Every structure is written in C-alpha cells, then in structure tokens.
Amino acid sequence: MPATASSRRNSILLAAAIAVALTVWILSGLGNGLPEPGDRNTDARDAAVSVTVRRSFATDTQRMITASARTEPDRVVELKAETQGRIVAINAERGTFVGEGDAILELDMRDRQAQLTEAHARIRQRELEFEAAERLQLDGFISDAELAAAEALLEAARAGRERIVLDIQRTRVSAPFDSVVHDRVVEIGDYVAIGDPLVRLVDTDPLIVVGNINEKDIGALEIGSKGLTRVLDGPEVEGTIRYLAPVADESTRSFRVELAVPNPDRKILVGTSAELILGAEEITAHIISPGLLTLADDGTVGVMVVDDKDRAQFIGIELVASADDGVLVAGLPETVRIISVGQNYVTDGQAVAPVEDALTASGVRDERAN
C-alpha cells in the first residue's frame, strides 16, 4: 500500500511539471513568431477584396410623385321638385345614363292647361282695354295716369301667363347635364311639394381621382399639369391636375389633389381605389436593380460603390420611382461603379479589387443615358 501511494504522488508531480513547462514554452517561445493584434487588423484592412462592379450612367428624367387615391364623381346633384303634383311617369331608372335635357320624371298637369287658356284670354282682354285707353288719351278723355294703369294691367296679364308656362315646364324634371341616375326617392303616384327631393345624379366624365400629397412634394405640382392614374391594376390613364388644396388637412398635414381623367364609356367606377402618378421636377437619376441596394447601420438606404482609388464607399440614395427594369434612384454621381457582387462583404473605405461584370465588359449600357 505505501508503495502504491508513493507512485501516485510521483505521477501527480510529473504531470504538474509538464504543464508548467508547456506554459513557459508557449509564452517565451512560439508566441514570439505571431503578429501583434494591431498588425493583424491593419493587414485585413489593407487587403484588397475582389468584387464585381457594374458601371452605371445617369440620365435626366422627371421625378414622379405617387400617392394612394380614390375615384370620385365630377359632380353630384340632387334634383328637387320645383312645383307640386303627383308623379305620373318615370323615364329613367337607377343606373341609367341620361343626356342633358332628357326627361327623368313627369308630374301631372292638374288644371295648369286650363290656367294657361285663361291667361291667354285675359291678355287679349287687357290688350283691347289698353288700345281703347290709348285712343281716349289722344282725344283727351283720360289722363296719362289712367293710360299707365291700363298698360300695367296688360303687363300683369302677360306675367301671369309666363308663370303658368314656367309651372308647366317644371312638371317635367330633366337632367341638367349628361349624367347617371344614382338614386331616386319617389315612385309613380307619390305626391310631391316644392322642395321635396326627387332624384340624385352623378357626372362621371370626367372622373376625379383624389389623393393626398405630403407637404414636401405639394410645391412641385401645378394646376393644369399632366398626371397618370391606375385604377384596380388596370392600364394607366392620363389626366390633368384641376385642383390643389391651398390648406393642409389638420389631421394628416397633407394636401388634397384632384386629377381629372376622361371616362367617356364610364367603365371606371366611383369609389374605387387608385394610384396617382404625378410629374414633378427634372432630376438626374440612375436605373439600378433593387438587388444592389443595401442598408447602412443607421438604416439609410444606399449602394456600395468603388471610388477612383479602388476603395469601397457607401452612398445614400433617394428612391425616386419604380421602372420596368429596376428602380430609379437619385443621389449618385453621373457615372459610378456599383458593386454588384460582394457588396455585403466589404465596409466603407475598404480596399477592393474591382472586376467589371459581363454587361459592362461587353459594352452594354442603359440606352437612355445616351
């Protein structure tokens, strides 16, 4: 047993000696051949990283302002009864197109025709009385005042006739302009008095596309300038800006904009969602692939480019609009080498070894830059 305890003690002492020797050897021997941490970082920073670049050329284009919108009618009118009577005919149902002057409703004539006949007779009577008064005044039998009284009675009779004619015309409710019957609140047999609502008309040609533009962009728009709208993923339709609100909405701090677009076939419906695309000022911009965009640490959207010293550089950009072959961005030099492969593996200021991609190397470029 004592011999066994002695052997274990010797083994422990030997292991401890080996560990101490290894520690001393590492600290004093091999460690002298490793680079210092600072030297290692400097080498990594100065080492050129291979990246693929795409040369991009700027082009002059118009900045477009986009906004969500909705469609509204050009005009909405509620027709009310201008005389009293009973509805005897309905000539246009809801949803029906009516032209200017077309009859929509008709009221009964009642005794209006008889009143008109009486008015004609009264006028004839007053005309004869006035002619007789003129002869008597010439002979000196009546005064000028009496002649004037006879003339006043004649004019009153004529005015009475005009009132009856106008009342008869009001029994026919007509469309004041080309429109669509949106709603009707009366039926045949209903009795209406003056001022009672009858029918509501909407004018949808032109159609009005309404959006709200922020205060940063409203100054770039002008009444009368052209714009585009797209309704329900349909084709783009050109229109004209007809109204820019002079006062911002208090809740959103945005400004109402109205774009009038032609709608002769009335296929674009009122109340549908739409998109406004309005032209602003001319800018210099690049068309690039969305895949080339990257984010800075602070969330700024930009691209990694290669400067004239072959170092990576992050440049923040402004997204102007979408294009058929990419996105339109502003904020870059007129000619720039954008890193198309490897942009996520380099940092701002890092040395790179740029290699042009196939498009640039073959001479292919955006023709709009010419």
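Assorted remarks:
- Output for region 333-356, where each listed residue is in a loop (DSSP other than H, G, I, E, B) and either touching a Cys at 6+ places or on another chain (Cβ under 7 Å) or open to solvent by less than 80 Å² (accessible area, probe 1.4 Å) (or both): 333, 342, 346, 349, 350
- Residues (at negative phi and assigned to a loop (DSSP other than H, G, I, E, B)) located in region 271-302: 272, 289, 293, 296, 297, 298, 300
- Verdict on residue 224 being without any contact (Cβ under 8 Å) to a residue 60 or more places away in the chain, part of a loop (DSSP other than H, G, I, E, B) and small (Gly, Ala, Ser): yes
- Test: residue in region 244-255 that is open to solvent by 20 Å² or more (accessible area, probe 1.4 Å) and touching a helix residue (DSSP H, G or I) at 6+ places or on another chain (Cβ under 6 Å): yes
- Condition check for residue 168: closer than 30 Å to residue 79 by Cβ and touching a helix residue (DSSP H, G or I) at 6+ places or on another chain (Cβ under 7 Å): yes
- Hey, residue 234 in a loop (DSSP other than H, G, I, E, B) and either surrounded by 12 or more Cβ atoms within 10 Å (Cβ to Cβ) or touching a Phe, Trp or Tyr at 6+ places or on another chain (Cβ under 7 Å) (or both) or not: yes
- Within region 64-116, restricting attention to residues that are in contact (Cβ under 8 Å) with a residue 24 or more places away in the chain and among the polar types (S, T, N, Q), the residue that is surrounded by the most Cβ atoms within 10 Å (Cβ to Cβ) is 71.
- Scanning region 171-185 for residues that are open to solvent by 30 Å² or more (accessible area, probe 1.4 Å) and in contact with a helix residue (DSSP H, G or I) (Cβ under 8 Å, 6 or more places away or on another chain) yields a total of 0.
- Residue match in region 206-218 (condition: charged (D, E, K, R), free of Cβ contacts under 8 Å to residues at least 24 places away in the same chain and closer than 30 Å to residue 276 by Cβ): yes
- Qualifying positions in region 294-322 - crowded, with 16+ Cβ neighbours inside 10 Å and either in contact with a Phe, Trp or Tyr (Cβ under 8 Å, 6 or more places away or on another chain) or of a type in the set (A, V, I, L, M) (or both): 302, 303, 304, 305, 306, 312, 315, 317, 320, 321
- Listed conditions (1) open to solvent by 70 Å² or more (accessible area, probe 1.4 Å); (2) in a helix (DSSP H, G or I); (3) not basic (Lys, Arg) are all met by residue 141, apart from (2).
- Residue within region 206-213 that is part of a strand (DSSP E or B), over 21 Å from residue 89 (Cβ atoms), open to solvent by 70 Å² or more (accessible area, probe 1.4 Å) and out of contact with any His (no Cβ under 9 Å at 6 or more places or on another chain) present: yes
The values are calculated or read from the model by the stated rules, or taken from the named source; none is laboratory data. Since the structure is predicted, the reported quantities are computational estimates derived from the model, not experimental observations. Don't worry about glycine lacking a Cβ; one is built from the backbone with ideal geometry, like all the others, and counts go over all protein chains shown. Areas reflect the complete protein model, heavy atoms only, side chains present, ligands, DNA and RNA absent. Shrake-Rupley method; radii C 1.70, N 1.55, O 1.52, S 1.80 Å.
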